[in-house]
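Asker: A single structure is presented below for examination.
The values are calculated or read from the model by the stated rules, or taken from the named source; none is laboratory data. All values derive from a computational prediction rather than experimental measurement. Please note: Cβ atoms are built from the backbone with ideal geometry, for glycine as well, and neighbour counts cover all protein chains shown.
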Amino acid sequence: MGSDTACRSPSATRARAGAEVVQLPLHDLVASVTRPDVRLIGCQHVEPAPGAARRVTFRFRPDLSAFTDRSGRRVVEPGALELRLAASSADVRHTARLPPTGPVRVLDPDRRLRCEAEAAPVS
């Protein structure tokens, strides 16, 4: 459960200049407690030049799926997670299922709760 997972957004070319925010929502399919259906864990603002495309890469760590369990501990559980690449909550462009495995893990104060993102030109 401690390894990084990278997702790439499919970037489309534009005929004119514009800006877009690529979002990375997380959906936990089988959490042991009721949680929000979808939680935004990362985003990246991109402004491709006309006719150019950008690739957005997110570095997801399972600690981002942590939640407070019934006993008040911040935990990461095994189960099924779904990452969604989206332009908005209503405009999901791609989904990827991740199967975290192993025992329930209690997080310590050094946990990493930021999803790093970067945008680069598509060559």
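Asker: When region 15-56 is examined, which residues are found to be farther than 27 Å from Thr101 by Cβ and assigned to a loop (DSSP other than H, G, I, E, B)?
Answerer: Within region 15-56, Ala15, Arg16, Ala17, Gly18, Ala19, Glu47, Pro48, Ala49, Pro50, Gly51, Ala52, Ala53 qualify.
Asker: Could you please find all residues in region 24-60 being small (Gly, Ala, Ser), closer than 25 Å to Pro121 by Cβ and either surrounded by 13 or more Cβ atoms within 10 Å (Cβ to Cβ) or modelled with pLDDT of 90 or more (or both)?
Answerer: Gly42, Ala49, Ala52, Ala53
Asker: Return the pair list, or none, for Cβ contacts closer than 8 Å from residues in region 43-65 that are farther than 12 Å from Ala19 by Cα to residues that are among the charged types (D, E, K, R) and part of a strand (DSSP E or B), at least 6 apart or on different chains.
Answerer: Arg55/Arg8; Val56/Arg8; Val56/Glu118; Thr57/Arg8; Thr57/Glu118; Phe58/Glu116; Arg59/Glu116; Ser65/Asp28
Asker: Next question. Exactly one condition in (1) aliphatic (A, V, I, L, M); (2) loosely packed, with under 13 Cβ neighbours inside 10 Å; (3) out of contact with any Cys (no Cβ under 6 Å at 6 or more places or on another chain) is not met by Val21; state its number.
Answerer: Val21 satisfies every listed condition except (3).
Asker: Quick check: is even one residue across region 87-95 at pLDDT below 90 and crowded, with 16+ Cβ neighbours inside 10 Å?
Answerer: No; the residues of region 87-95 include none that is at pLDDT below 90 and crowded, with 16+ Cβ neighbours inside 10 Å.
Asker: Also: Select, from Arg97, Arg111, Arg74, the only residue that is under 15 Å from the mean Cα position of the chain (by Cα) and either within 18 Å of Val21 (Cβ to Cβ) or charged (D, E, K, R) (or both).
Answerer: None of the other options fit; the residue is Arg97.
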